[in-house]
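Some notes on the structure that comes next.
The values are calculated or read from the model by the stated rules, or taken from the named source; none is laboratory data. As the structure is a prediction and not an experimental result, all values here were calculated from the model. A quick note on method: Cβ atoms are made from the backbone with ideal geometry, for glycine too, and the neighbour counts reach across all protein chains shown.
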Amino acid sequence: MKIIFHKYQGTGNDFIIIDNRTNVFDRKNNLLVAKLCDRRFGIGADGLMLLQSKASYDFEMVYYNSDGSESSMCGNGGRCIVEFAHTLGLVKEKASFIAIDGEHIATVQPEFISLKMNDVNEIELNETFLYLNTGSPHYVQFSKDIENVNVFEEGKKIRYNERFKKEGTNVNFIEKIGNSLFVRTYERGVENETYSCGTGVTAAALVASLKGLSTAKNYCDIKTLGGNLKVKFNTEDNKTFNNIWLEGPAIFVFKGEIEI
């Protein structure tokens with residue numbers, strides 16, 4: 001059987017998206033997801049998303065890591081699937097959809113998608129790192145000379161340490177450079193560094209705010225290997241955050257057909 005897929009990327013974080021409103025794709029076929037995401041034997045991507053029908057919403061987002069596992073929220077993926085839904089005519093200027101971490105809303109702009117993330121009511125502070133959940137779990141560590149950090153090796157050590165090896169965590173290394181925050185992320189499920197991570201840069205921006213290092217009181221400009229993002233937020237006590245928005249490009253790459 002042949003299926004049609006679309007390839008999108010958000011600051012280098014790339015995704016296969018399938019319109020699954022007619023259930024053409026078996027969402028339990030994790031091995032097939034991994035095969036399609038393989039960069040040598042498949043289409044190649046950091047993850048795969050299914051766009052599905054859902055009552056009371058414009059659509060449902062089902063997200064898989066490149067290893068085939070159904071995963072927690074993906075911020076860049078959320079922005080890309082909103083852009084895809086927009087091209088399908090399912091949404092216009094605003095979108096409302098459901099994902100594994102609950103309801104999300106988004107706005108469609110000519111040059112970017114702005115996605116509302118979940119509130120963050122708890123941040124774990126440790127001597128060498130901070131830990132929080134922005135739809136996915138994130139370990140955040142300040143670094144020096146971040147461009148030369150071996151993110152794969154250092155991130156892997158943390159992701160598979162005694163605390164995190166069972167459930168996994170994403171690992172972010174951050175450094176304030178000029179007026180922006182440079183963020184590099186090791187992603188669980190991909191088990192490597194990605195060019196960008198939406199929930200990761202969201203976590204990094206909130207940590208920077210907590211430490212007084214964000215671009216401004218209510219937003220942080222982010223630099224990643226794949227491009228630039230902005231995170232906007234409100235905070236009253238600098239410990240809890242609400243009205244969090246992840247803003248950046250969501251770009252169509254190509255459309256194809258593959259035998260499965």
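Screening LYS156 with (1) modelled with pLDDT of 95 or more; (2) under 21 Å from GLN9 (Cβ atoms) gives one miss only, at (2).
Could you list, in sequence order, all residues of region 219-241 that are in contact with a strand residue (DSSP E or B) (Cβ under 6 Å, 6 or more places away or on another chain) and over 19 Å from LEU125 (Cβ atoms)? If you could, list the steps in order and put the result at the bottom.
Of region 219-241, the ones in contact with a strand residue (DSSP E or B) (Cβ under 6 Å, 6 or more places away or on another chain) are 219-224, 229-235, 241.
Result: TYR219, ASP221, ILE222, LYS223, THR224, LEU229, LYS230, VAL231, LYS232, ASN234.
Kindly evaluate SER96 against the criterion of being in contact with a strand residue (DSSP E or B) (Cβ under 8 Å, 6 or more places away or on another chain) and buried (at least 19 other Cβ atoms within 10 Å of the Cβ). Criteria not met by SER96. Residues in region 1-24 that are touching a Phe, Trp or Tyr at 6+ places or on another chain (Cβ under 9 Å) and assigned to a loop (DSSP other than H, G, I, E, B): THR11, GLY12, ARG21. Among the residues of region 209-260, those identified as of a type in the set (Ser, Thr, Tyr) and surrounded by fewer than 20 Cβ atoms within 10 Å (Cβ to Cβ) are THR215, TYR219, THR235, THR240. All of (1) touching a residue at least 60 places away in the same chain (Cβ under 8 Å); (2) in a strand (DSSP E or B); (3) β-branched (Val, Ile, Thr) hold for VAL82 with one exception: (2). Taking the condition under 19 Å from MET117 (Cα atoms), modelled with pLDDT of 95 or more and charged (D, E, K, R), does LYS94 pass? Judged against the criteria, LYS94 is a match. Within region 109-121, residues that are at negative phi reach partners that are assigned to a strand (DSSP E or B) and among the charged types (D, E, K, R) with beta carbons closer than 7 Å, at six or more positions or on different chains, in the pairs PHE112/GLU247; SER114/GLU247. In region 1-24, the qualifying residues are those that are buried (at least 16 other Cβ atoms within 10 Å of the Cβ) and free of Cβ contacts under 8 Å to residues at least 60 places away in the same chain, and the one that is farthest from ALA85 (Cα to Cα) is ILE16.
What do you reckon, is ILE244 modelled with pLDDT of 95 or more, touching a strand residue (DSSP E or B) at 6+ places or on another chain (Cβ under 9 Å) and closer than 20 Å to ILE105 by Cα? Judged against the criteria, ILE244 is a match.
Considering region 1-42, the residues that are charged (D, E, K, R) and under 18 Å from ILE251 (Cα atoms) include one that is nearest to the chain's Cα centre (by Cα), namely ASP14. Considered as a group, the residues in region 38-79 that are in a strand (DSSP E or B) and either without any contact (Cβ under 8 Å) to a residue 12 or more places away in the chain or charged (D, E, K, R) (or both) include one that is surrounded by the fewest Cβ atoms within 10 Å (Cβ to Cβ), and that residue is GLU70.
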